[in-house]
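Structure record follows, encoded as structure tokens.
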Amino acid sequence: MSLISIILTLIVVGVLLWLINSYVPMDGKIKSILNAVVVIAVVVWLLQAFGVLGSLNGIHVS
């Protein structure tokens, strides 16, 4: 994955999160949870993209 595609993905995720936070009316607690989930998912994705975190294909939740 190229650096440009990673940067573009981060920009798109950031803009979408900003749009949701700005224009979708919801409780502050729900917004906080949504923001935390998105940030954690992006950090895990970045760690996986840069090879710091191994492949998560072997993890199964049953």
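Selection of first residues in the stretch 1-22 that are under 17 Å from V39 (Cβ atoms) and of second residues that are acidic (D, E) and not in a helix (DSSP H, G or I), restricted to Cβ pairs under 9 Å at least 6 apart or on distinct chains, gives an empty result.
Any residue that is touching a residue at least 40 places away in the same chain (Cβ under 8 Å) and surrounded by 11 or more Cβ atoms within 10 Å (Cβ to Cβ) - is there at least one of those in the stretch 46-58? Yes, the stretch 46-58 has at least one match. When residues in the stretch 28-44 are screened for being loosely packed, with under 10 Cβ neighbours inside 10 Å and at pLDDT 95 or above, 1 of them pass.
The values are calculated or read from the model by the stated rules, or taken from the named source; none is laboratory data. For clarity, every value in this text was computed on a predicted model and none was experimentally measured. Note: ideal-geometry Cβ built from the backbone for every residue, glycine included; neighbour counts use all protein chains shown.
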